[in-house]
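The values are calculated or read from the model by the stated rules, or taken from the named source; none is laboratory data. All figures in this text were calculated on a predicted structure; none of them were measured in a lab. Positions of Cβ are backbone-derived with ideal geometry, glycine not excepted, and every protein chain shown enters the neighbour counts.
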Amino acid sequence: MPVLILRTVTLDHAKIALKKVFGYDTFRPLQAEIIQAVYDRRDVLVLMPTGGGKSICFQVPALTQEGTAVVVSPLLALMKDQVEGLLANGAPAAFINSMQTPNQTRDVEDDLLAGRIKLLYVSPEKLVSQGFQPLLRRLKISLFAIDEAHCISAWGHDFRPEYTQLKFLKEQFPDVPVLALTATADKLTRKDIAAQLQLQDPAVFIASFDRPNISMAVRPGQKRFEQIADFLKKHPGQSGIIFCLGRRTCADLSEKLNARGFKTAFYHAEMGSQERNRVQEDFINDRVPVICATIAFGMGIDKSNVRFIIHYNLPRNLEGYYQELGRAGRDGLPAKALLFFSYQDVMNYRQMIEDGDAAQEQKDLKIAKLNRMYQFAEAPVCRRKTVLHYFGEVYDRNCGNCDVCLNPPRQFDGTTAAQKALSALVRMEEKAGMHMLIDVLRGSQRREVLQQGFHQIKTYGAGREYSFEEWQFLLSQMLHHGLIEIAYDEDSCLKLTEAGQAVLYNKQAVRLALPPKPEEKAAEKAATLRPPSRTQTLRDALFERLAALRRKTGQQQGIPPYLVFSDATLEEMAQKRPLTDADMLYISGVGERKLQLYGNAFIEEIRRFVREKTSEGHSIPGNTYLLTWDLFREGRPLEEIARMRAISPVTVLSHLAAMYERGEQVDISRWASPEAIDLVQGALPLFEEPYQLKDIYEHFEQRLSYESIRFAIADAQRKKWLRQR
Ligand code: ADP
Ligand code: ZN
C-alpha cells in the first residue's frame, strides 16, 4: 500500500480553498472544527441537518490534502450531482459505478492512479466488491467519507445491508481517517454507526438541527386540493415537492393540478426508470417546477433552490418529516413546509403497521413514533420547538416562523365544551367515531345520524357554537390531554378515559385552545399582500433575468442550473449588482472557476439591466459609475461626460478610478506619472484605510495632484486584489 506523506495543512489552507473553489467567505457552524479534526487524522462522526453543509466537511480536506478522498454515497443520482457540482467549481472529482461502460471506468482508474483525482465517489456495493480491492490498495487515500451513514444501522429508517460491510475499511486502512456523516439524529443510530464502522475514539460533532429559514405550518386535511391550488397560485414558478403516500395520489393530484393550469409532474417507484429519470431531470433543470411524488423522490437530489415542501399525507414519523422538509431551502433562503393532517392517515398507518409482519417490538416502536408525529401536528405548541425537542435539542424560545407562533391559538376554559362532547359520547354508548360525534354535537341531519337515532339524545345539537373544524381542533386536544382515546380495534370509536370521567362527573377543569379567528388570518393575508417596494421590484426583475441566463448557461454546459449558481448567489447578485470581476468575487458562491467560466456573461447581463433601467428613468444607487464608464469607452473627453451626466469632472474621475481599481483597463498615465505612483504607494503604509485623499495631499505638501493620488491608490488596490486571486 503506498504510504501517504503528509505536508502540514492548516485551517488557513482550508479557508483559501473555501474561497477559491467554492466562493464562500466563512465556514458554517462546525465546519472548521470538523475539518481540523480530519487534519488531525481523527475519525469523525458528523450529525448535521440536510442543507447544513456536510459536503464541505470532507470536500475541503480532500482538496487541501495529498492523495484521494474516497466518498461512499448510496445513490447514483446523488453521486452524479456532487461530482458535477465539484467539476463546475474546477475541483477534480469522479465516480465509479455500475452505470458506466468499462471504458469510462478504465479512464477514471487511469486518472486515479496518475493522482489526478482528489475525490472519488463510489457506491458501497462497489467499494466492498472483490474486483475493486486491487485498485483501492494502489491508491493514496487521504480519507474515507461515508455519506448518509445512518444507512448502516438497522435502527435507522433507511437501512442498507451493504453498508454493514464497510467495517473492513478500518481493518484494512487503520491509519486513514473515516468521516461518517448523517442527517439522522437519534442516539441509537449514532452509537450504531460508530460501532459498526469501528471508528476509533471518534470526534463527534452534532450541529443544531434548526433550519430557521424554513417556515413550518400544519393545516387540517379537508379540501386539500383547493388549499394546494391556492398555495401554488401564491408561489408562481417556484420549485417545490408535494409528497403523497401512494402512487395513485401522486398521479391524480398532478393531473388535477395540471388541469387547473399549473405545471406539475409526478414520480413514484413503480414508474419505469427512464420515466423517473426524465421527471427528475425536468425538475432539476427547472423545466417543471412542481413534482407530486412519493418520498423516494428527492433523496438523491441536492437541488439547492427547492422553495417549498408540501406533505399531502401525514409522514410516518418526525424523522421522516424533518428529513423530507429539509430538502427545501438548502441555499439558506426562505422556504416553506406545509403539512396536511388527517386522522384517516393516522388510522391507515396504524392498520398497515399492525398488519405488517415485523416483530411486535418493531411494531410498537413504529406506533410510538407515529403517535409522536400526530401529536406534533396537533399540539398548539411552536412547531420548531416540538421537533427540536424530539431530536433532543434544547430550544427554549418560540421560533416566530411557524403557524403556531404567527397565529397563536386562543386559550380558554374548555370545561363546558369538553363536558358536552364527553356526555354525547356516553349517550351514544361510546359507539361513535370523531366524525359522527361532531355531527351529533352540531345537530346534523345526516342520514346515518338519524338512522342510529342519535338525534334523540339530549346533547344532540348542544355544540352548535363551534364549527366542524373547531370541534376537530378541540377533540384532538382532548385526545392529547388523555380525556378520550381511539379504539383502533373497534372501528376507531372514541372511548372515555378515567381522566375524561373526572371532567364529566367531577367537573375537573380543562383548558383548551381554539384556532385563530378568521379575521386574524385576514390581517395576516393583508400583511403579505403589501405591495413590494421599488427596490424590491427592481431586484426581482434582475433576479428573473439572471435566472433565465442561468438556465441557458446550464443547458449549454449540460448541468442543472443550480449548479451554475445557487438561488442565494443570484439573489446576492441581484441585490449588489456586481459590475466588474472584482465585485463579482465578493459574491458568495462565486469561486475562481465560476468567475472564469460565467463571470463575463453575468456581468454583461447586469450591466445591460442597469443601463436599461437607467434609461427608463430609474435611479439605481451606486451604479452611476457604469454610465460614466460607458461614455468614457465611447472615447468622449472628460468635460463632455461631465456635462452629459450633469456631474463634476472630479466625480467623473472618481468613477473611472473605481472601475480601474476593480480591474478595468484605463490608461492612468494621463493623470498619474509612474514616479508619483511610486511616491504615493510608498507612503500608503503611513495611513489607514479608507484613505483620505486630503491627508495624503497634505503629506506631500501639496506637491502631487489630487488625480495622481487618486489613481495611485486605485492602482494599489487593484494590485492587491489581483494578487489575492
Ligand atoms: P448537506 O449535505 O448537509 O445536506 P450541502 O453540503 O449540500 O448540505 O450544503 C448545502 C448548501 O449550502 C450547498 O448549496 C452548499 O454549497 C452550501 N454551503 C455549504 N457550506 C457553506 C458555507 N460555508 N458558506 C456558504 N454556503 C455553504
Ligand atoms: Zn414557532
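Quick look at the values:
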{"read-out": "Within the range 69-126, tally of residues that are assigned to a helix (DSSP H, G or I) and closer than 16 Å to Pro560 by Cβ", "value": "13"}
{"read-out": "Residue list for the range 550-595, filter: away from ligand 1 (no atom under 13 Å from the Cβ), in contact with a Phe, Trp or Tyr (Cβ under 9 Å, 6 or more places away or on another chain) and not in a helix (DSSP H, G or I)", "value": "Arg577, Pro578, Leu579"}
{"read-out": "Scan of the range 200-246 for residues that are small (Gly, Ala, Ser), buried (at least 16 other Cβ atoms within 10 Å of the Cβ) and in a loop (DSSP other than H, G, I, E, B), ordered by number", "value": "Ala207, Ser208, Gly221, Ser239"}
{"read-out": "Close pairs from the range 50-61: first free of Cβ contacts under 8 Å to residues at least 60 places away in the same chain and of a type outside the set (Gly, Ala, Ser), partner outside any helix (DSSP H, G or I) and within 16 Å of ligand 2 (Cβ to nearest atom), Cβ under 6 Å, at least 6 apart", "value": "none"}
{"read-out": "Residue in the range 161-174 that is within 21 Å of Phe391 (Cβ to Cβ), in a helix (DSSP H, G or I), assigned by TED's automatic domain parsing to the domain that holds Tyr39 and not hydrophobic (A, V, I, L, M, F, W, C) present", "value": "no"}
{"read-out": "Qualifying residue in the range 424-431 (condition: away from ligand 2 (no atom under 12 Å from the Cβ), assigned to a helix (DSSP H, G or I), farther than 23 Å from Asn213 by Cα and in contact with a strand residue (DSSP E or B) (Cβ under 7 Å, 6 or more places away or on another chain))", "value": "yes"}
{"read-out": "Residue satisfying condition, being out of contact with any Pro (no Cβ under 9 Å at 6 or more places or on another chain), within 29 Å of Arg710 (Cα to Cα), buried (at least 18 other Cβ atoms within 10 Å of the Cβ) and among the hydroxyl-bearing types (Ser, Thr, Tyr), within set Thr651, Thr628, Thr624", "value": "Thr628"}
{"read-out": "Options Gly356, Gly392: the member that is modelled with pLDDT under 85 and more than 14 Å from ligand 2 (Cβ to nearest atom)", "value": "Gly392"}
{"read-out": "Residue in the range 380-390 that is without any contact (Cβ under 8 Å) to a residue 40 or more places away in the chain, farther than 30 Å from Asp158 by Cβ and more than 16 Å from ligand 1 (Cβ to nearest atom) present", "value": "no"}
{"read-out": "Hits in the range 458-483 - residues which are assigned to a helix (DSSP H, G or I) and among the aromatic types (Phe, Trp, Tyr)", "value": "Phe468, Trp471, Phe473"}
{"read-out": "Candidate set from the range 467-510 (those that are surrounded by fewer than 20 Cβ atoms within 10 Å (Cβ to Cβ) and hydroxyl-bearing (Ser, Thr, Tyr)); member that is nearest to Asn371 (Cα to Cα)", "value": "Tyr488"}
{"read-out": "Candidate set: the range 396-423, residues that are of a type in the set (D, E, K, R) and at pLDDT 90 or above; chosen: the one farthest from Met478 (Cα to Cα)", "value": "Asp403"}
{"read-out": "The range 200-224 residues that are free of Cβ contacts under 8 Å to residues at least 12 places away in the same chain, paired with ones that are within 16 Å of ligand 1 (Cβ to nearest atom) (beta carbon under 7 Å, 6 or more apart)", "value": "none"}
{"read-out": "Pairs where the first residue, in the range 110-135, is β-branched (Val, Ile, Thr) and the second is part of a strand (DSSP E or B) and surrounded by 15 or more Cβ atoms within 10 Å (Cβ to Cβ), C-beta under 6 Å, 6+ apart", "value": "Ile117/Thr68; Ile117/Ala94; Val122/Ile96"}
{"read-out": "Selection from the range 21-60 of residues that are more than 11 Å from ligand 1 (Cβ to nearest atom), under 23 Å from the mean Cα position of the chain (by Cα) and part of a helix (DSSP H, G or I)", "value": "Glu33, Ile34"}
{"read-out": "Qualifying residue in the range 199-217 (condition: farther than 30 Å from Ile34 by Cβ and in contact with a His (Cβ under 6 Å, 6 or more places away or on another chain))", "value": "no"}
{"read-out": "Residue under evaluation Glu66, criteria (1) within 16 Å of ligand 1 (Cβ to nearest atom); (2) surrounded by fewer than 18 Cβ atoms within 10 Å (Cβ to Cβ); (3) in a loop (DSSP other than H, G, I, E, B), criterion not met", "value": "(1)"}
{"read-out": "Enumeration of residues in the range 359-373 that are modelled with pLDDT of 85 or more, surrounded by 13 or more Cβ atoms within 10 Å (Cβ to Cβ) and of a type outside the set (Val, Ile, Thr)", "value": "Lys363, Lys366, Lys369, Leu370, Asn371, Arg372, Met373"}
{"read-out": "Hits in the range 395-411 - residues which are of a type in the set (S, T, N, Q) and either closer than 25 Å to Ala207 by Cβ or near ligand 2 (Cβ under 9 Å from one of its atoms) (or both)", "value": "Asn398, Asn401"}
{"read-out": "Any hit, the range 4-14, residues being surrounded by 20 or more Cβ atoms within 10 Å (Cβ to Cβ) and either of a type outside the set (S, T, N, Q) or away from ligand 1 (no atom under 15 Å from the Cβ) (or both)", "value": "yes"}
{"read-out": "Residues of the range 654-686 satisfying the condition of being acidic (Asp, Glu) and either surrounded by 15 or more Cβ atoms within 10 Å (Cβ to Cβ) or more than 25 Å from Asp583 (Cβ to Cβ) (or both)", "value": "Glu661, Glu664, Glu675, Asp678"}
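Here is a yes/no grid of residues against (1) more than 16 Å from ligand 1 (Cβ to nearest atom); (2) in contact with a strand residue (DSSP E or B) (Cβ under 6 Å, 6 or more places away or on another chain):
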{"position": "Val290", "(1), (2)": "yes, yes"}
{"position": "Gly298", "(1), (2)": "no, yes"}
{"position": "Ile301", "(1), (2)": "no, no"}
{"position": "Ser304", "(1), (2)": "no, no"}
{"position": "Ile310", "(1), (2)": "yes, yes"}
{"position": "Glu319", "(1), (2)": "no, no"}
{"position": "Tyr322", "(1), (2)": "no, no"}
{"position": "Gly329", "(1), (2)": "no, yes"}
{"position": "Leu333", "(1), (2)": "no, no"}
